[in-house]
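A short write-up of the structure that comes next.
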Amino acid sequence: MSLVYLNGDYVERSCATVPVTDRGLLFADSTYEVIPVYGGEVFSAKQHLQRLQRNLDAIHIPNPLTESEWLSVFKHLAQQEPDSEQSIYVQITRGDYPQRTHQPPQPIKPNVIVFTTEINPMSPAMAEQGLHVMTLADKRWHRCDIKSTNLLANILALDEAKKYGADDVIFIRDGIAKEGASSNLLIVLQGLLITPPNDETVLPGITRDLVLKLAEKNDQPYAEKNICLDDLHQASEIWLTSSTREIVPVTRLDSQPVGDGKPGPYWRRMHQQYQTLKQGSH
Ligand SMILES: Cc1ncc(COP(=O)(O)O)c(C=O)c1O
């Protein structure tokens, strides 16, 4: 837990430092990944590494490690606390450059930071309660498909949710519901599971993909299509998905109950199928 992988070395967290002129710090000129670990095993590592590669390509940073090097770093860190549920945090910045210039200097050596944090799985009581979520105008940039560390708009949105008395937000852009502040959105409308299509307005979530695969396998009809505000308000179930929170039921939207205000039967089935998938992975 206290060990950090920093540019090829494993160091104590208190000794893991990057220069103040690191471009990740100055400009959020960096990308990141968050990967869950269950029973000491890294879950869906290949999918996360593929997304990492896609993001590095999108922001023109060379991948500093090979796939097998990444996997061995993940394994080493995951095995520090084999009994707890953890997530691996990976951040790659464009690197350190002494002159503060917006122009990306070429080529510089990326800084690579990897560490683990404990994740607290949702307790049955928390699941039964579900989340209260508020809809909010999406003020993020136009490339939400890139996992950028510039998360200021997400942070401010969560701050607004907290002031309103909600746990999370659903971003609305041009009248269309997109995703949560750190999660993808799925709804159940007349028995159909619906999630927004992967485009530049949402992050292509690994958990979302796994849920769609489980839907396919278990003959649950689903569609990747736009969710308008009416759909959102008429949905019998709303879920948010992410690697650390898995599938979370939303039971209140803008202070109104979703369906009967309790986690629904589609969520219960999918949650169970997801737990089975997790257990099969280790
Ligand atoms: C904006 C956003 N959407 C969706 C997700 C869910 O992605 P994943 O399931 O890969 O964790 C995240 C995760 O951090 C996110 O930040």
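Brief remarks follow.
- Scan of region 231-242 for residues that are closer than 16 Å to Leu214 by Cα, crowded, with 23+ Cβ neighbours inside 10 Å and not hydrophobic (A, V, I, L, M, F, W, C), ordered by number: Thr241
- Residues that are away from the ligand (no atom under 13 Å from the Cβ) and either in contact (Cβ under 8 Å) with a residue 60 or more places away in the chain or out of contact with any strand residue (DSSP E or B) (no Cβ under 9 Å at 6 or more places or on another chain) (or both), drawn from region 170-192: Asp174, Val188, Gln190, Gly191
- If you go through region 227-260 and keep only what is among the small types (Gly, Ala, Ser), away from the ligand (no atom under 15 Å from the Cβ) and touching a residue at least 60 places away in the same chain (Cβ under 8 Å), you end up with just Ser255.
- Contacts under 7 angstrom Cβ, first residue in region 271-282 being without any contact (Cβ under 8 Å) to a residue 60 or more places away in the chain, partner surrounded by 17 or more Cβ atoms within 10 Å (Cβ to Cβ), 6 or more apart: Gln273/Leu214
- Listed by position, the strands (runs of 3 or more DSSP E) contained in region 1-54 that have at least 3 residues being over 23 Å from Ile206 (Cα atoms) and free of Cβ contacts under 8 Å to residues at least 24 places away in the same chain are 9-12.
- Under the condition of being small (Gly, Ala, Ser) and either modelled with pLDDT under 95 or touching a Pro at 6+ places or on another chain (Cβ under 8 Å) (or both), the residues counted in region 180-225 number 2.
- Filter pass, Lys147 being touching a residue at least 40 places away in the same chain (Cβ under 8 Å), more than 22 Å from Val90 (Cβ to Cβ) and near the ligand (Cβ under 10 Å from one of its atoms): no
- Selected residue (criterion: surrounded by the most Cβ atoms within 10 Å (Cβ to Cβ)) from residues of region 193-220 that are within 12 Å of the ligand (Cβ to nearest atom) and in a loop (DSSP other than H, G, I, E, B): Gly205
- If you filter region 39-75 down to residues that are among the β-branched types (Val, Ile, Thr) and more than 19 Å from the chain's Cα centre (by Cα), you find that the one that is surrounded by the most Cβ atoms within 10 Å (Cβ to Cβ) is Ile61.
The values are calculated or read from the model by the stated rules, or taken from the named source; none is laboratory data. Everything quoted here is computed from the prediction, not taken from an experiment. Quick reminder, even Gly has a Cβ in these numbers, built from the backbone with ideal geometry, and neighbours come from all protein chains shown.
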